[in-house]
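Notes follow once the structure below has been shown.
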Amino acid sequence: MAYLDGCNLGARPIDQHIKAFEALGANVEIAQGKITAKAKKLVGTSIYMDIVSVGATINAILAAVLADGTTTIDNAAKEPHIVDVANFLNTMGADIRGAGTDVIKINGVKKLHGNATYSVVPDQIEAGTFMLAAVASRGNILIKNCIPEHLDCITAKIIEIGGTVEDYGDSIRVSMNKRPNKATVKTLPYPGFPTDLQPQMGVVLSTADGTSTLHESIWESRFQYTFELNKMGAKITAQGKSAVFEGVKELTGSPVYATDLRAGAALLIAGTIANGETQLYNIEHIDRGYENIEEKFRNLGANIQRVTEPDEK
């Protein structure tokens, strides 16, 4: 396969992926920008993840499902979509236990079957994006078809900064009727505050009452969006994996550029709450993670349009 790609957020090491494959008996080679993994057969083993990695945990599960014997993954990622992958594979005949905990045990099976019907878990990052949009806009949003338990860390922060969150079991209502309080936020693997909601929270803190701090523990280049927010009147000082947000009363519309997927979502929120017109470019980043996002924001009352600019001659 080709080398890993995605948003430009810093280094994307694959050592834990390779470690898992090799532990199961595969021969992994990297040459000319491509990764090749081969094995006559895979054999169950014990795998310890040196760092919590969602992608490496999923790859280890996928490889171990058809391996001979039992595989144990220690220090596994616990995100809801880890559990979702395991549940889906189990409906196809896999034997995976412990997904959602630090230790996952996979008893290899001879084959999987295709006669399975499965409903994918709701996306907690999309739900969290709209929760933070409600706070930033000082609005009131009811989000349906979500799992509030997956959003506990976001809920806790919203309540801390002065918002209200109501849990209805399969939906959640978020409301905010004042300027947010200042806060300190640190991103962590699930169930901690997700790195994929850090830029959206940054928009909230940019207009908070007081000085806030965001600490990023996952990606080394997650604060590129702060330069764009500063164009809109925010007062943010970012250095390394930390950023200080001196809250301002309002943002002002400006041409801004999405540097990555979640930065794009954050800037879209910023544009909806700013005075004046905001032009958001590089929206192809946003489309990678959200479906019809501008239509959903319009349904919430935002004045937003997707336009195509004529080619320059």
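A few remarks follow.
- For residue 162, the requirement of being outside the structural domain of residue 78 (by TED's automatic domain parsing) and either closer than 24 Å to residue 291 by Cβ or within 21 Å of the chain's Cα centre (by Cα) (or both) is not met.
- Here the condition is being closer than 19 Å to residue 290 by Cα and either among the small types (Gly, Ala, Ser) or in contact with a His (Cβ under 9 Å, 6 or more places away or on another chain) (or both); of 133, 94, 76, it holds for 133 alone.
- The condition of being of a type in the set (A, V, I, L, M), more than 22 Å from residue 149 (Cβ to Cβ) and either surrounded by 16 or more Cβ atoms within 10 Å (Cβ to Cβ) or touching a helix residue (DSSP H, G or I) at 6+ places or on another chain (Cβ under 7 Å) (or both) does not hold for residue 82.
- Wholly within region 59-113, strands (runs of 3 or more DSSP E) carrying at least 1 residues that are more than 17 Å from residue 21 (Cα to Cα) and free of Cβ contacts under 8 Å to residues at least 12 places away in the same chain: 95-97
- Taking region 32-58 as the range and being part of a helix (DSSP H, G or I) and surrounded by 16 or more Cβ atoms within 10 Å (Cβ to Cβ) as the test, the residues that pass are 54, 56, 57, 58.
- Selection count where residues are assigned to a helix (DSSP H, G or I) and either closer than 18 Å to residue 57 by Cβ or among the basic types (Lys, Arg) (or both), scope region 114-138: 2
- Scanning region 5-31 for residues that are at pLDDT 55 or above and surrounded by fewer than 16 Cβ atoms within 10 Å (Cβ to Cβ) yields 6, 8, 12, 13, 15, 22, 27, 29, 30, 31.
- Applying the set (1) more than 22 Å from the chain's Cα centre (by Cα); (2) closer than 20 Å to residue 229 by Cα to residue 285 leaves exactly one unmet item: (1).
- Only one entry of 71, 91 meets the criterion of being modelled with pLDDT of 95 or more and surrounded by fewer than 17 Cβ atoms within 10 Å (Cβ to Cβ), and that entry is 91.
- The strands (runs of 3 or more DSSP E) falling completely within region 162-241 that include 2 or more residues that are farther than 30 Å from residue 56 by Cβ map to 164-167, 171-175, 211-215, 235-239.
- Meets criteria (in contact with a strand residue (DSSP E or B) (Cβ under 7 Å, 6 or more places away or on another chain), modelled with pLDDT of 95 or more and within 29 Å of residue 100 (Cα to Cα)) for residue 202: yes
- Qualifying residue in region 162-169 (condition: out of contact with any Asp or Glu (no Cβ under 8 Å at 6 or more places or on another chain), without any contact (Cβ under 8 Å) to a residue 24 or more places away in the chain and closer than 30 Å to residue 102 by Cβ): yes
- Residue that is modelled with the highest pLDDT, among those in region 205-230 that are among the aliphatic types (A, V, I, L, M) and surrounded by fewer than 24 Cβ atoms within 10 Å (Cβ to Cβ): 208
- Listed conditions (1) out of contact with any strand residue (DSSP E or B) (no Cβ under 6 Å at 6 or more places or on another chain); (2) at pLDDT 95 or above; (3) of a type outside the set (Gly, Ala, Ser); (4) over 22 Å from residue 122 (Cβ atoms) are all met by residue 47, apart from (1).
The values are calculated or read from the model by the stated rules, or taken from the named source; none is laboratory data. Please read all numbers here as calculations on a predicted model, not as lab measurements. Positions of Cβ are backbone-derived with ideal geometry, glycine not excepted, and every protein chain shown enters the neighbour counts.
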